[in-house]
Amino acid sequence: MDIETARQIALSLPGAVEMDHFGRPSFRLNGKIFATLWLKQNRMMIKLSPIDQDVFHSFDPAVFYPVPNKWGLKGATFVELAKVRQDMLEDALNIAYGMVLGS
């Protein structure tokens, strides 16, 4: 998985837009962020619930893991793009998008 493919997957979600967030590309629906790209690190941060974060983390902790700060405790999850399968990234992004859509 590369940055551009991850970007296109996020933008393929209905109504999703890309905007800057403190120098990082962020993906939003109705002004609410559901993911950000960390270009230099080749990773994506996806906003999941703590339960969903735990499920993805248990699948492969080298691919999905909590952001190491207070946001990580709330479900902010790093995804290593070089290691993630496309279907898993799509699933995680759909869950994050759905959380924003329902809020």
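Each value in this text was obtained by applying a stated rule to the coordinates, not by laboratory testing. Predicted model, so just to flag it, every value in this text is computed and none were measured. Cβ sites come from the backbone with ideal geometry, for glycine too, and all protein chains shown count toward neighbours.
Its residue count N fixes a reference of 2.2 N^0.38 Å for the stretch 1-43, and the Cα radius of gyration divided by that reference is 1.06. Between the alpha-carbon centres of the stretch 11-68 and the stretch 81-99 there is a gap of 8 Å.
Taking 0.36 nm per residue of separation and subtracting the current Cα-Cα distance, fully stretching the chain between Leu11 and Ser49 would add 11.6 nm.
Placing unit charges on the Cβ atoms only, positive for Lys and Arg and negative for Asp and Glu, gives the chain a dipole magnitude near 400 debye about its Cα centre. Diffusion coefficient of the stretch 1-88 by Stokes-Einstein, Kirkwood radius over Cα pairs, 20 °C, 1.002 mPa s: 165 µm²/s. Comparing Ala16, Ala92, Ala62 in a Gaussian network model of the chain, where Cα atoms under 10 Å apart are tied by springs, the biggest mean-square fluctuation is seen for Ala62.
The slack between Met19 and Leu101, meaning 0.36 nm per residue of separation minus the straight C-alpha distance, is 27.8 nm. Restricting attention to the chain, lysine pairs at least eight places apart or on different chains and with alpha-carbon atoms under 21 angstrom apart total 7.
Placing dummy labels 7 Å off each Cα toward the beta-carbon, the span from Asn42 to Asp87 is 2.3 nm.
Using only side-chain charges placed at the Cβ, +1 for Lys and Arg and -1 for Asp and Glu, the dipole size of the stretch 12-72 relative to its Cα centre rounds to 220 debye. Above 15 Å, the calculated P(r) of the stretch 46-103 contains 41 percent of its Cα-Cα pairs.
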